[in-house]
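Written below as structure tokens is the structure these notes are about.
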Amino acid sequence: MRDNLGSLTAAQAGHFLERGFVTVRGAFDAASARQWLEDAWIRFGYDPDDPGSWAEKRVHLSSRSHVDARSFAPAAWHAAVELAGGAQRVRLPWKWGNGFIANLGVGDDRPWQPPSPAVAGWHKDGDFFRHFLDSPEQALLSLVLWTDMLPRGGGTFVAADSVPVVARFLARHPEGVLPGDFDYAELIGQCRDFVELTGAAGDVVLLHPYTLHATSQNVLGVARVITNPPLALRQPMNFNRAEPGDFSLVERAVLRGLGASRLDFAPSAPRQDVVPERVSSQRARAAAEDARLGAARRAT
């Protein structure tokens, strides 16, 4: 472990290495997001005070506005770059947008189910690129909590022991893996440590990009709103650095999962961008969102 942990404590760094995530409490002032959230409900087309109007149980908006995390949430920024190996390795700016992901009652028609391999929807983020062991597109995943994320209220499920599982899988596929070609049932079946993430508005959870996670049920009748902006690298991860102290915590977690002190990895196929299916659905609803936003502006 590097001697200078920057904004992370040794306990936080160790938790990230062992369990694939770390939470930054109170990373930003939730009040600063008030206008974005008010606009989000207009874009949803629902009354925030009337759960009976929430016809869609899960909504994923496109991003229309952005902030720079460096100034908006400096505590999260400093923790993230520490995990990624330093600001010089990170692609700037780290934009956070208002592409909100709302859980408005997923699974509220059945008893709440705790996290386990039996839960549907386990996945690794990254629907926009071919995945390699060293992919730079996602140095970190993040969960930005714009509302409280309460127990049994739609908090993300994570498999806290999944980084080694995914690392071994990707190491066996130097040709890369398209987003739809992961066998998540097989991968999650190897995991045993499951967590329901919760927190308060303003918290940010930073996750290793190999952490498997899933949407959970929200049986509380209270909206949960997050975003998940990835942090990208300027260059692919490097598992064969000359000095052990130069490995980022993200890279060290991969090597730890592979049981190796270093690895000379190179993709055997070209890197590839992918157009996610969600983009077409977001475009399809854009006109209706524009009409509702316009009407709200005229009314004021």
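The values are calculated or read from the model by the stated rules, or taken from the named source; none is laboratory data. Bear in mind the structure is a predicted one, so any value in this text is a computation, not a measurement. So basically every Cβ, Gly included, is an ideal-geometry build from the backbone, and we count neighbours across all protein chains shown.
Kindly check whether there is at least one residue in the range 258-278 that is without any contact (Cβ under 8 Å) to a residue 40 or more places away in the chain and either in contact with an Asp or Glu (Cβ under 7 Å, 6 or more places away or on another chain) or of a type in the set (Val, Ile, Thr) (or both). Taking every residue of the range 258-278 in turn, none turns out to be without any contact (Cβ under 8 Å) to a residue 40 or more places away in the chain and either in contact with an Asp or Glu (Cβ under 7 Å, 6 or more places away or on another chain) or of a type in the set (Val, Ile, Thr) (or both). Among the residues in the range 238-245, are any surrounded by fewer than 17 Cβ atoms within 10 Å (Cβ to Cβ), farther than 22 Å from TYR184 by Cα and among the acidic types (Asp, Glu)? Yes.
On inspection, THR156 does not qualify as over 13 Å from the mean Cα position of the chain (by Cα) and either under 20 Å from ALA223 (Cβ atoms) or in contact (Cβ under 8 Å) with a residue 60 or more places away in the chain (or both). Just one of (1) over 30 Å from ASP50 (Cβ atoms); (2) in contact with a Ser or Thr (Cβ under 7 Å, 6 or more places away or on another chain) fails for ALA242. It is (2).
The residue list ARG262, ARG283 contains one member that is of a type outside the set (Val, Ile, Thr), farther than 20 Å from GLY176 by Cβ, out of contact with any helix residue (DSSP H, G or I) (no Cβ under 6 Å at 6 or more places or on another chain) and assigned to a loop (DSSP other than H, G, I, E, B), which is ARG262. Output the residues belonging to the range 178-220 that are more than 17 Å from SER162 (Cβ to Cβ), out of contact with any Asp or Glu (no Cβ under 7 Å at 6 or more places or on another chain) and touching a residue at least 40 places away in the same chain (Cβ under 8 Å). Scanning the range 178-220 gives LEU178, THR198, GLY199, ASP203, VAL204, LEU220. Identification of strands (runs of 3 or more DSSP E) wholly contained in the range 3-70 with 1 or more residues that are over 19 Å from GLY202 (Cα atoms) yields 58-60. Given the criterion assigned to a strand (DSSP E or B), at pLDDT 95 or above and of a type in the set (S, T, N, Q), identify the matching residue among SER142, SER135. None of the other options fit; the residue is SER142. Assessment of the range 59-82 against the conditions (surrounded by fewer than 16 Cβ atoms within 10 Å (Cβ to Cβ), free of Cβ contacts under 8 Å to residues at least 60 places away in the same chain and among the aliphatic types (A, V, I, L, M)) yields no matching residue. For ALA76, the criteria (1) closer than 17 Å to ARG224 by Cα; (2) assigned to a helix (DSSP H, G or I) hold in every case but one, which is (1). Given the structure, is PRO270 part of a loop (DSSP other than H, G, I, E, B) and under 28 Å from VAL144 (Cβ atoms)? Judged against the criteria, PRO270 is not a match.
Filter the range 111-157 for residues that are among the polar types (S, T, N, Q) and closer than 25 Å to ALA167 by Cα; which is surrounded by the fewest Cβ atoms within 10 Å (Cβ to Cβ)? Of everything passing the filter in the range 111-157, SER116 is surrounded by the fewest Cβ atoms within 10 Å (Cβ to Cβ). Of all positions in the range 85-97, none carries a residue that is of a type in the set (A, V, I, L, M, F, W, C), under 30 Å from THR9 (Cβ atoms), assigned to a helix (DSSP H, G or I) and in contact (Cβ under 8 Å) with a residue 60 or more places away in the chain. Any residue at all in the range 243-254 that's outside any helix (DSSP H, G or I) and over 26 Å from the mean Cα position of the chain (by Cα)? For the range 243-254, residues outside any helix (DSSP H, G or I) and over 26 Å from the mean Cα position of the chain (by Cα): present.
Tell me, please, whether a residue that is over 18 Å from the mean Cα position of the chain (by Cα), modelled with pLDDT of 95 or more and more than 30 Å from LEU258 (Cα to Cα) can be found in the range 77-93. Within the range 77-93, not a single residue is over 18 Å from the mean Cα position of the chain (by Cα), modelled with pLDDT of 95 or more and more than 30 Å from LEU258 (Cα to Cα). For the range 181-195, the set of residues classified as part of a helix (DSSP H, G or I) and within 18 Å of the chain's Cα centre (by Cα) consists of TYR184, ILE188, listed by residue number. Could you tell me whether any residue of the range 225-243 is modelled with pLDDT under 95, among the polar types (S, T, N, Q) and on the phi < 0 side of the Ramachandran plot? Within the range 225-243, not a single residue is modelled with pLDDT under 95, among the polar types (S, T, N, Q) and on the phi < 0 side of the Ramachandran plot.
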